[in-house]
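One structure is given here, and the rest of the page talks about it.
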Amino acid sequence: MSSDVIALVLGTALAVGALAFVLQPLFFTSPISRPRASTPRPTENAAVAALREIEFDRATGKLSDADYAELRRTYTERAVRELRGAAQSASDPVANDNVEARVRAYRQQRRECPDCGLRSETDAEYCSNCGGFLDRRCPDCGNAIPQAGAQFCFTCGARLARRTRPRV
């Protein structure tokens with residue numbers, strides 16, 4: 001019976017030791033900090049990322065002082081040129097932005113309700129949300145059309161919609 005008790009105690013001690021070994025990283029943090037990966041940040045250009053890498057290589061002793069000075073001068077000039085170019089293009093982002101041009105083309109194809117915003121229907125005459133005439137002005141006399149669902153101008157009597165839908 002004593003051999004069974006000894007085996008049970010040793011098995012329990014071994015299981016508790018294994019559990020402590022597995023759970024140790026969760027309860028105790030290591031004071032050793034790992035170096036960050038040198039992946040460029042989304043807003044960072046390539047020359048700045050290269051400068052960070054050069055600094056890291058010098059700190060770890062991979063670069064001599066002469067190589068460090070030459071590489072730093074080269075990449076600093078390149079980073080300044082890229083940052084100045086980015087600042088100049090940021091002053092007029094709409095002209096060079098292909099996405100902005102596509103958004104403008106999309107908005108020109110669709111009509112916009114002044115109250116509800118852009119409508120998804122390309123051929124809409126009236127807002128599908130509030131029922132207002134999308135142009136908000138009479139095409140003949142130019143007077144405002146304030147009432148939702150109006151089919152005729154209150155001033156001149158002109159038909160507002162270019163085409164009418166058949167009544168069901």
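The values are calculated or read from the model by the stated rules, or taken from the named source; none is laboratory data. Note that the coordinates shown come from a computational prediction; the quantities given were computed from them, not determined experimentally. A quick note on method: Cβ atoms are made from the backbone with ideal geometry, for glycine too, and the neighbour counts reach across all protein chains shown.
From the residues in segment 85-103 that are surrounded by 11 or more Cβ atoms within 10 Å (Cβ to Cβ) and not aliphatic (A, V, I, L, M), which one is modelled with the lowest pLDDT? By that ranking, first place goes to SER89.
Can you find a residue that is closer than 23 Å to GLN108 by Cα, touching a Leu at 6+ places or on another chain (Cβ under 9 Å) and at pLDDT 75 or above anywhere in segment 147-159? Scanning segment 147-159 turns up no residue that is closer than 23 Å to GLN108 by Cα, touching a Leu at 6+ places or on another chain (Cβ under 9 Å) and at pLDDT 75 or above.
Residue by residue, here is whether (1) over 23 Å from GLU82 (Cα atoms); (2) surrounded by 10 or more Cβ atoms within 10 Å (Cβ to Cβ); (3) among the aliphatic types (A, V, I, L, M); (4) at pLDDT 85 or above holds:
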residue	(1), (2), (3), (4)
LEU19	yes, yes, yes, yes
PRO31	yes, no, no, no
ARG34	yes, no, no, no
PRO42	no, no, no, no
ASN45	no, yes, no, no
LYS62	yes, yes, no, yes
